[in-house]
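Reviewing the structure listed below.
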Amino acid sequence: MSLFSRLTIGYLAIFLIVAAASAYAVLQLRHFRELTESILTVDNRILDYEKTLADLLLAQSRAEQKFAITRDETWSSQFVRLKTDFEARLQGAFALKDPAAMPVLRRIAEDFQRYDELVGAEANLVRANRRYAQTEYKQDKDALVDAMLASFEKLRANQQQLTYAKVTDLAAAADRAREVSVTISITCLLAIVLMSLLITKSITRPIELLKNRTREIAKGNFAGRLAVNSPPEIGELSAAINSMSEKLQEIDRMKTDFFASMSHELRTPLTSIKEGTGLLLDGVAGAISDKQRKLLSILAEESNRLISVVNSLLDFSKMEAGMMAYEFETASLEPLVKRAMAEIMPLVEAKSITLESEWDEPLPLLQMDPERMLQVLRNLLGNAVKFTPKGGQVSVAVKTDNGKLWVSVKDSGPGIAAESLESIFEKFNQGNRQAPSVRQGTGLGLAIATCIITSHGGKIWAESALGQGSTFIFALPC
C-alpha cells in the first residue's frame, strides 16, 4: 500500500475506536437521563401524592366524624370538597402508571370506595334522625382509614426503596462508565501508539536500508541489489538506487578493466626503459659524462616510480576482481620488518630522520604471505618517511597481546584530520594530509594494504590528530 493508504487506514481505525467510545458514552448518558427522569417525574411525585392523600384522608375522617356528632352540614360540605380533592389526586397518582405503585393504589381506591359508602350511609341516617349502631359504623370506618394509612405507608416505603435502588444503579452506572472510559482511553492510546509505530516502522525501516545502501555505494561497494518491502513511493526510490548502483558497478568494472589493460600495456615499455637506462649507466654503450649520468639517474628513478604505480594499479585491479593471489606459509614477521626498514634507510638518512624499532622477543610464527606482508610494511614505512619532515622521527613497534600480533608505524608528520581517518583507506583517497615537498601518490597503497591485512584475518586502522603525527596499526591473529 502507498503511504497515503497506510495513513488513511491508520486514521480510520483510530476514528472507529473514538466513535465506539463516543457511542458508549451516549448510551450511558441516555441511561442516566432515563433514571433521573424516572426519579423526578414518577418516584418523587408518588411520594408527594402519598403525603397529600394521607393528609386529605385524615381531614375527611375528622370532618365526617364532626358531622355525625354536630349534624352541621358545613362539615358534610367540607367532607365532600376533601373527597373530591382526594379522588382527583388519587387519579393523578394512577396517571403516573408506576408498575410498583399500581397494586397499592388500587387497594387504596377500593378501601376508599367502601369508606365513602359507609360515610354516605351514616350521613343519610343522621339526616333522617334515625337511630343506628354508631359504634359499629365508627369501627368499620376506622378500620378502613387505618388500612388506607397502612397502604400509604407501604406506598411510601416502596417508593423510597425504588428511589434508593435507582440512585444505586446510577452510581454503579457511573462507576462502569468511568472504568469503560478509562479502558477505552488506554486502548485508544495504545492503538494510536501501536499504529504509529507500525506505520513509522514501515516507513523508517526501508529508509534505513536505503541509507545503509547509499553508504555502501559511497564507499565504492556497488555489488548486490536492495530488496525493500516498502510503500510504492519508497519502492520506486529503491529501484532507482539499484539502477544507479548497477550503472556505477558497470562503470567501475570498465575503469578496473581499463587500469588493468593500461598497466599491462605500460609495464613492458617501462621495463625496457629501466633496463636500457641501467645499461647506459653501466657504460655498455660507452663512457658518459657526469651530466648524462645525472639525467640517466633521474630517468631510472622515474622509471622505477612509474613501474611501482603500474604494479599498484595491477594489484588494485586484482583486488577489485577478487583475484589477488596469496601464497601462505608459516613465517616470522621480524625479518620482513628489518628488510623493509633497510630498504627505506637511504631515504631516512637523506632526510635526517630518526628511525627506531621495538618488538617483543621472540615473535610468534604467523600464517601469512611474506611478499604481500612485506608490501604492507613497505607502504606504511614509505608513507611515514614521506610525510615526516627533515629531522623528524619514525618508530616501528611489534608486540603480542591477547593472541594477536600488533604492528604500529608512528611518524611525526603533519597528522590526519579526524574525519579522514577512515576514508584514507578507500581507493584513490589520500585524505587531507599535506606536507611540503611531498609528491602525491595514486591513493591505492592503503586500500591494497587493507585488502591484504583483511585477507590475513586482521584489521588495520589509523590514529592521528592534526599537528601531532600519525600512527598506523594493524593486528594479525597469531
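The values are calculated or read from the model by the stated rules, or taken from the named source; none is laboratory data. Keep in mind that what you see is a predicted model, and the values were worked out from it rather than measured. With ideal geometry, Cβ positions are generated from the backbone for all residues, glycine too; neighbour counts draw on all protein chains shown. All accessible areas refer to the heavy atoms of the entire protein, side chains included, with ligands and DNA or RNA removed. Shrake-Rupley method; radii C 1.70, N 1.55, O 1.52, S 1.80 Å.
A few notes on this one:
- Across the stretch 237-246, rounded Karplus estimates of 3J(HN,Hα) from the backbone phi angles (6.51 cos²θ - 1.76 cosθ + 1.60, θ = phi - 60°) give 5, 4, 4, 5, 5, 4, 5, 4, 5, 5 Hz, Gly and Pro being marked x.
- Solvent-accessible ranking of Asp111, Asp282, Asp85, largest area first, probe 1.4 Å: Asp282, Asp85, Asp111
- Theoretical gain in end-to-end length, Asp175 to Leu295 [0.36 nm per residue, Cα-Cα removed]: 32.8 nm
- Within a straight-line Cα-Cα reach of under 19 Å, Lys390 can be paired with the following aspartates and glutamates, leaving aside sequence neighbours fewer than 8 residues apart in one chain: Glu343, Glu349, Glu356, Asp411.
- Against the main long axis of the alpha-carbon atoms of the chain, helix 445-455 sits at an angle near 70°.
- For the cross-link pairs Lys201/Lys247; Lys386/Lys410; Lys97/Lys141; Lys386/Lys427; Lys211/Lys247, the ones whose C-alpha atoms lie over 23 Å apart are Lys201/Lys247; Lys97/Lys141.
- For the chain, the percent of C-alpha pairs falling in each 20 Å distance bin, counted from 0 to the bin holding the largest distance, reads 15, 24, 14, 10, 9, 11, 10, 4, 1, 0.
- Estimated FRET transfer efficiency when R0 is 56 angstrom, pair Gln113-Phe15 (beta carbons, to 0.05): 0.35
- The share of Cα pairs per 10 Å bin across the stretch 339-439, counted from zero up to the longest distance, runs 13, 42, 35, 10, 0 percent.
- Computed over the chain, relative contact order equals 10 percent, with contacts defined as Cα pairs under 8 Å that lie 6+ residues apart.
- Each of Ala397, Ala342, Phe425 was placed along the dipole of the chain (beta-carbon charges, centred on the mean Cα), and the one lying farthest toward the positive end is Phe425.
- The share of accessible area on the chain that comes from carbon and sulfur is 58 percent, using a 1.4 angstrom probe.
- When Met254, Met373 are compared by accessible area of protein heavy atoms, the largest-first order is Met254, Met373, using a 1.4 Å probe.
- Whole-number accessible area per residue in Å² for the chain, which is evaluated in the context of all protein chains at 1.4 Å: 58
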